[in-house]
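Q: Input: one structure, supplied below.
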Amino acid sequence: MPQVVVLPPFTSVRSAPSLGFMESEIDVATAKALLEWQIDMGVTEAISETPINRYEVPKEAPKPKPKAAAPEVAVASTTDPVDEAKALAARAASLEELAEIQAAFPHCALKQGARNFVFADGKPEARVMVIGEAPGRDEDREGKPFVGRAGQLLDQMLAAIDHGRSDETNPVYITNILPWRPPQNRNPEPDEIAMIMPFVERHVALANPDVLVLMGNIACQGVLGMKGITRLRGKWVEALGKPALPMFHPAYLLRNPVAKRDAWHDLLMLQAKLRAGV
Ligand code: URA
């Protein structure tokens, strides 16, 4: 059923008890995240509290006074988020520390719109580390990677080669490039990927798996600096000091079941590599 929410202009969000926030001045990024959350909740229309007479001739706004030339101020040089991420990630001596440090990283705008920080699932001591793209709606809700439909398919794919995130004998460790859900599941921007990659690199170094599985284009873009999963998949490459196997993302396989044949081929390659002791 369509739902309607009464929303005043972006700069001021007024009391909306059903939504649980009070009157406050909020910035555009927060307002955008709130709107996206409301869309997720099923809101389909936003209307103003007071009627607008669209036939009224607008009063001419007073002409702004010409501004005096701004005095020259030295702009304080801010640290580059990528450099800051590198320095922070290097401080982490364990996965727990890395998760804590990364969760507090302030420069990625995706953090503002996400409900949860999604770090990893499965067993960190696993020989296989799967790297996906970013949390979707279900992952954002639960705070765990790959728990939605794509995640269920991923579990089935791994089970087909006797692996699983909670398998005691053949465990896997699962993470994503991005720990925060991009709004409307849009593709992450290159700068968002760049500032998070130092954490991914440290994540791989600390987990120290035997092999990496790169699920889809965004994982390849982050780890290999390359896109084009159709060309990249099914071939072992070296990345972050590990053998890495690009594969089709399970979400892609849900949309293109015919590609499951290639995915099965790649899973067998993974199994053979693990059996050979890598
Ligand atoms: N897709 C991903 O790449 N990661 C998830 O965690 C969920 C869906």
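Each row is one residue, and each column tells you yes or no for (1) under 21 Å from ALA90 (Cα atoms); (2) within 16 Å of the ligand (Cβ to nearest atom).
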| site | (1), (2) |
| --- | --- |
| PRO182 | no, yes |
| GLU192 | yes, yes |
| MET197 | yes, yes |
| GLY228 | no, no |
| ARG231 | no, no |
| LEU274 | no, no |
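Q: If GLU125 satisfies all but one of (1) surrounded by fewer than 16 Cβ atoms within 10 Å (Cβ to Cβ); (2) in contact with a strand residue (DSSP E or B) (Cβ under 9 Å, 6 or more places away or on another chain); (3) not in a loop (DSSP other than H, G, I, E, B), what's the number of the condition it fails?
A: (3)
Q: Name the residues in the stretch 128-140 that are among the hydrophobic types (A, V, I, L, M, F, W, C) and assigned to a loop (DSSP other than H, G, I, E, B), would you?
A: If we filter the stretch 128-140 for residues that are among the hydrophobic types (A, V, I, L, M, F, W, C), which is where we start, we get 128-131, 134.
Within the stretch 128-140, just ALA134 meets the criteria.
Q: Could you check the stretch 218-228 and list, in sequence order, the residues that are touching a residue at least 12 places away in the same chain (Cβ under 8 Å) and either surrounded by fewer than 21 Cβ atoms within 10 Å (Cβ to Cβ) or touching a strand residue (DSSP E or B) at 6+ places or on another chain (Cβ under 6 Å) (or both)?
A: Selection gives ALA219, CYS220, VAL223, LEU224.
Q: Looking for something aromatic (Phe, Trp, Tyr) and within 10 Å of the chain's Cα centre (by Cα) - is there at least one such residue anywhere in the stretch 185-201? Give the steps one after another, and end with the answer.
A: So in the stretch 185-201, the residues aromatic (Phe, Trp, Tyr) come out as 199.
Adding the requirement that they be within 10 Å of the chain's Cα centre (by Cα) leaves none.
There is no residue in the stretch 185-201 that is aromatic (Phe, Trp, Tyr) and within 10 Å of the chain's Cα centre (by Cα).
Q: Continuing with this model, one more query. Select from the stretch 84-122 the residues that are assigned to a loop (DSSP other than H, G, I, E, B) and either in contact with a His (Cβ under 7 Å, 6 or more places away or on another chain) or not small (Gly, Ala, Ser) (or both) and list them in ascending order.
A: The answer is PHE105, PRO106, HIS107, CYS108, ARG115, ASN116, PHE117, VAL118, PHE119.
Q: Among the residues of the stretch 133-148, which ones are touching a Leu at 6+ places or on another chain (Cβ under 8 Å) and surrounded by fewer than 19 Cβ atoms within 10 Å (Cβ to Cβ)? Steps first, answer last, please.
A: Within the stretch 133-148, the subset touching a Leu at 6+ places or on another chain (Cβ under 8 Å) is 133-135, 146.
Passing the criteria: none in range.
Q: Considering (1) buried (at least 22 other Cβ atoms within 10 Å of the Cβ); (2) under 15 Å from PRO250 (Cα atoms); (3) in contact with a Lys or Arg (Cβ under 8 Å, 6 or more places away or on another chain), say which one LEU212 fails and leave the rest.
A: (2)
Q: If a residue has to be more than 9 Å from the ligand (Cβ to nearest atom), more than 18 Å from LEU245 (Cβ to Cβ) and outside any loop (DSSP other than H, G, I, E, B) to count, how many in the stretch 141-154 make the cut?
A: Adding up the residues that qualify gives 3.
Q: Residue under question is ASP167, and the condition is that it be under 26 Å from VAL211 (Cβ atoms) and of a type in the set (Asp, Glu); does it hold?
A: Yes; evaluated as a whole, the condition is true for this residue.
Q: A follow-up question, please. Which of the residues that make up the stretch 245-263 are away from the ligand (no atom under 16 Å from the Cβ) and touching a residue at least 24 places away in the same chain (Cβ under 8 Å)?
A: The answer is ASP262, and nothing else.
Q: Here's a follow-up. Could you run through the stretch 156-187 and say how many residues are aliphatic (A, V, I, L, M) and under 21 Å from GLN221 (Cβ atoms)? Step through it out loud before you land on a result.
A: Residues of the stretch 156-187 that are aliphatic (A, V, I, L, M), as a first pass: 157-161, 172, 174, 177-178.
The next check asks that each one be under 21 Å from GLN221 (Cβ atoms); those that pass are 174, 177-178.
Selection size over the stretch 156-187: 3.
Q: All but one of (1) within 24 Å of PHE248 (Cβ to Cβ); (2) away from the ligand (no atom under 11 Å from the Cβ); (3) out of contact with any helix residue (DSSP H, G or I) (no Cβ under 8 Å at 6 or more places or on another chain) hold for ALA103, so report the exception by its number.
A: ALA103 satisfies every listed condition except (1).
Q: Turning to a different aspect of this structure: Looking at (1) of a type in the set (Val, Ile, Thr); (2) surrounded by 18 or more Cβ atoms within 10 Å (Cβ to Cβ); (3) assigned to a loop (DSSP other than H, G, I, E, B); (4) away from the ligand (no atom under 12 Å from the Cβ), find the lone condition where VAL172 falls short.
A: (3) is the only condition that VAL172 fails.
Q: Can you confirm whether the stretch 186-200 contains a residue that is acidic (Asp, Glu) and either buried (at least 24 other Cβ atoms within 10 Å of the Cβ) or at positive phi (or both)?
A: Within the stretch 186-200, none of the residues are acidic (Asp, Glu) and either buried (at least 24 other Cβ atoms within 10 Å of the Cβ) or at positive phi (or both).
Laboratory data are not the source of any read-out in this text; all were calculated from the coordinates shown. Note that the structure is a prediction, hence the values are computed from the model and not measured. Methodologically, a virtual Cβ is constructed for each residue, glycine included, from the backbone with ideal geometry; neighbour enumeration extends over all protein chains shown.
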